[in-house]
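Working notes for the structure below.
Throughout, read-outs are computed from the coordinates displayed, never taken from laboratory work. Being a predicted model, the structure only gives us computed values, none of them experimental. Ideal geometry is used to build each Cβ from the backbone, glycine not excepted, and the neighbour counts take in all protein chains shown.
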């Protein structure tokens, strides 16, 4: 960490809100999708994990540009993997891990007449609030590196611990986050009010909605909202919802608790436009756990989270990727797969809804949305 | 080299000429200047060499974007150096050396209605025809890496040894190169006619002008044209010209020979438009050599060219950088400095002409143009 802090990173002086920049929603027009390519052998079983991302990239790249971010050790291999793909660009970045959602910059835009300008913000990344547990000094610099590779001005908010998975926005001034993630764990010295001010200044917000908790047993990220509840339109969110939630028949009591608590907040809080938010209930997968076989073949290295057999996976269909023409939904070969796809078809009747079997990414502690970052459409940099 | 060749690099199938793309001249409108930051301790005395590039970047960035390409070992330091510079973006790339002109892609554009599309071509880089002498496996991949970071389609011409310093174009179909560089040394299996065809197909040309030789003792590049003669406008070139060239009083007989030979060709060959080329004589510096003191402090490592005291430097004012608003001219604290600047002022009365003392870069075997690559203005990628 000392090494990271010594760097004098150039930063814009004002805040995005003062400069008129805001974070657009994922469902707004995109320029490109950035995807992390599993390259860290301490996190993934590389070959099957790479095949998941390859499947995601193949689908999205049929319709828009995909930038694949790869560690040097895997760059040549990734070039080979994607050599026949027209819209895919393999970009080498020296990272520790591959969770692009959390280490890439958060992109901001500003409309000026007919032009759309692009900037970015980088947060303090310290390994999801676990600075001592895992290596993250290179990940902490990735936002600036990607921003620089695009030659765009950068806001350096490196006194606030936060990741892209910590929030979901509607592009109209509303943000949803969880108390588990941003309030209790990462920024213990900051009050909710202070955090509201920071998020408002850097993402240009007028309404911040705090739900209490992320999905059950999301131990790596400690409550990322993008696994439990995300915006899918202005005034529309999907919320992960275990079968029979709110009834005695519900067998997933832990998830039931957090889904009910989130619903209560969402149903009683207007968005930035003053409107009631429509909540779509997204079927939550049955309880999935690490198998003994998986634990045997999962890597164990210094600087990685330790995995154990029979421990619950933080699997959720909500951790999906929305692009201009396609929604990629993680599936788990389980009873909720087809219903999750159907839910998204109803929300996005004009987009192609594609399921990708994503268990291999979930074994690494995240999911496909955690491996992605959308770059909004812009005309000027 | 084996490692380099194994990579399956994605490439566009057709040639640029068939796709309607061409290489614009350096004096056409630019989007950005790319600069290599001295990071290879086997080539440069790093601190003073970095100060030269810093001076170049400072001037250019007052008017347009500058992307600084840095090896990982120096990325944090470069961020610190440029932290107060508004238009400068420090981009990390795993390279061997820092000669951006020769390892960055050659950018191509195509005009379609009101839009300008951007693509790039990468040549086979094998250390200026010296594949065994110096390390270059990472340099050989840099064109693709930079192209991918811009998400632009790439033409992979990796069966033809060539570098950005091997040619100068007018953007109207004319290219100048030297026989010493492209014909004799790098591609021994190819005839002049075959090389003409390759260059024409990849840069979109109708007239290729071969001058015999580069400047005196340009031993590293073996005859790069950008050290002896470059286009400064349509139908206009500058040619390095030792004092009293063509008379008995000329003391630099070696350079005199190559300047006279080049002049003979240039005066007797029309450009692609069928017009006679106007030759501006650029004063050639007096004979400069490595000092004993410099040799003592210059690095000696495996995989670098060996330097010796009293050996002639390949110093030339022609190795300058043309940008939208500024021309940066290398100077050497010698009698020709002010005349070189004056010559450029006459050619570009509307641009700012700035001299930068560049000896420290010349000690590494090149000059400031060799450290740069222009990215043409484009509206679409």
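If I take all pairs of Cα atoms in segment A:281-349, what percentage of them are more than 16 Å from each other?
57
Taking 7 Å along the Cα-to-C-beta vector as the label spot, tell me the residue A:80-residue B:113 distance in nanometres, rounded to one decimal.
Going from the residue A:80 label point to the residue B:113 one covers 4.2 nm.
Segment A:125-145 to segment A:28-48: how many Å between their Cα centroids?
16
May I ask you to report, in nm to one decimal and beginning with the shortest, the distances from residue B:270 to the same position in the other copies, taking label points 7 Å along Cα-to-Cβ?
Computed spacing set for this position: 7.6 nm.
Just to be sure I understand: of the beta bridges DSSP finds with both ends in chain B, what percent are antiparallel, rounded to 5?
40
So what is the orientation-averaged projected area of segment B:146-305, using the convex hull of its C-alpha atoms, in nm²? Kindly include the intermediate steps, with their values, before the conclusion.
Values: hull surface 49.0 nm².
So the Cα hull casts an average projection of 12.3 nm².
Report, for residue A:338, each distance to the same residue's label point in the other copies, shortest first and in nm; define the point 7 Å along Cα→Cβ.
Values, ascending and in nm: 8.8.
In percent, what relative contact order does segment B:263-321 have, based on Cα pairs under 8 Å that are 6 or more apart in sequence? The partial results should precede the final answer.
Values: 47 pairs, mean separation 19.1, N = 59.
Relative contact order, segment B:263-321: 32 percent.
Output the relative contact order of segment A:162-277, whole-number percent, from Cα pairs under 8 angstrom with separation of 6+ residues.
Rounded, it is 28 percent for segment A:162-277.
One-quarter of the Cα convex hull surface for the protein assembly as shown, in nm²?
Mean shadow area of the hull around the Cα atoms is 33.3 nm².
What are the label-to-label distances in nm, one decimal and shortest first, from residue A:184 to the same spot in the other copies, with labels 7 Å along Cα to Cβ?
So the distances to the same position in the other copies read 7.7 nm.
With each run of n ≥ 4 DSSP H residues scored as -39500 (n - 2.57), what mean residue ellipticity at 222 nm is computed for chain B after dividing by its residue count and rounding to the nearest 500 deg cm²/dmol?
It lands at -7000 deg cm²/dmol.
Can you pull the three principal axis extents for the Cα set of segment B:102-238, in Å, largest first?
That gives 45, 36, 25 Å along the principal axes, largest extent first.
Give the distance, in whole Å, between the Cα centre of segment A:103-124 and the Cα centre of segment B:260-274.
So the separation of the two Cα centres works out to 50 Å.
Report the calculated FRET efficiency for residue B:137 and residue A:264 (r = Cβ-Cβ distance, R0 = 51 Å), to the nearest 0.05.
Working from the Cβ atoms, E equals 0.30.
Which whole-number percent gives the relative contact order of chain A, counting Cα pairs below 8 Å spaced six or more residues apart?
Details: 863 pairs, mean separation 84.4, N = 381.
The normalised contact order for chain A reaches 22 percent.
List the residue from chain B whose beta-carbon is nearest to the axis that rotates chain B onto chain A, together with that distance in whole Å.
B:149, 2
When only alpha-carbon atoms count, how far does chain B stretch along each of its three principal axes, as whole angstroms with the largest first?
Projected onto the principal axes, the Cα atoms of chain B cover 54, 50, 44 Å.
Sort B:370, B:229 so that the residue with the fewest other Cβ atoms within 10 Å of its own Cβ comes first and the one with the most comes last.
B:370, B:229
Could you tell me the center-to-center distance, by alpha carbons, between segment B:154-226 and segment B:301-319 in angstrom?
Cα centres, segment B:154-226 to segment B:301-319: 22 Å.
Determine the shape class of segment A:6-117: with a ≥ b ≥ c the square roots of the Cα gyration tensor eigenvalues, call it rounded for a/c under 1.5, and otherwise prolate if a/b is greater than b/c, oblate otherwise.
oblate
Two decimals, Cα atoms only, Kirkwood Rh: what is Rg/Rh over segment A:189-276?
My calculation of the ratio gives 1.00.
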